[in-house]
Amino acid sequence: MTTSTRTNAELAQAWLDALDNVDNFTPLCAPGAQVWHSNDNIWISFEKAIENVHTVGGLPTMTNRRFTVTDDGFLVQFSGELNGQKIHNTIIVRTENGFATHAEEYIGLELDPTVLGTVSNA
């Protein structure tokens, strides 16, 4: 089994940095690592996820990047815009031996508050 001396905080920062070049996710992931997206509710390999990103032309610019270390990995959050729609993402990443093994990505669309019955942000 391959191990890394990376801490979860170092891995989380590298994960956020990889948003600028998805090929940089590959060395962060354990062999057989899986990713799940809330938009389709399917687990796929990281290799397939990276291939899919290349197919659609890459990721949009992400802002408000941050992370929090957890007991078994880390959580990253960021915002962006995809095809004119503002999005907010949260990814829960589990790690082993300094590599990501599983990632659950929750993709939230920014909505007009009145859609949810909210009339004020105060």
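Structure values in brief
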{"read-out": "Apportionment of accessible area to carbon and sulfur, the chain, percent (1.4 Å)", "value": "52 percent"}
{"read-out": "Net length gained if the chain between residue 40 and residue 4 were fully extended (0.36 nm per residue, minus Cα distance)", "value": "9.8 nm"}
{"read-out": "Added length on full extension, which subtracts the Cα-Cα distance from 0.36 nm per residue, residue 13 to residue 79", "value": "22.2 nm"}
{"read-out": "Long-range amide H partners of residue 96 with built H, under 5 Å", "value": "101"}
{"read-out": "Highest-MSF residue in the chain out of 95, 55, 68 [GNM, Cα springs under 10 Å]", "value": "55"}
{"read-out": "Probe 1.4 Å, protein heavy atoms only - accessible area per residue of the chain in square angstrom", "value": "61 Å²"}
{"read-out": "Size of charge dipole - the chain - debye, nearest 20, with Cβ of Lys, Arg +1 and Asp, Glu -1, no other charges", "value": "140 debye"}
{"read-out": "Nitroxide proxy distance, nm - points 7 Å out along Cα→Cβ at residue 110 and residue 47", "value": "3.7 nm"}
{"read-out": "Of the trypsin sites (Lys or Arg not before Pro) in region 65-107, those whose Cβ has at most 15 other Cβ within 10 Å and which sit in DSSP loop", "value": "none"}
{"read-out": "Dipole of the chain, positive end: most advanced residue of 7, 31, 91 [Cβ charges, Cα centre]", "value": "7"}
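The values are calculated or read from the model by the stated rules, or taken from the named source; none is laboratory data. Worth saying up front: this structure is predicted, and the values here are computed from it rather than measured. We place every Cβ from the backbone using ideal geometry, glycine too, and count neighbours over all the protein chains shown. Quick note on the areas: whole protein, heavy atoms, side chains included, nothing else; ligands and nucleic acids left out. Shrake-Rupley method; radii C 1.70, N 1.55, O 1.52, S 1.80 Å.
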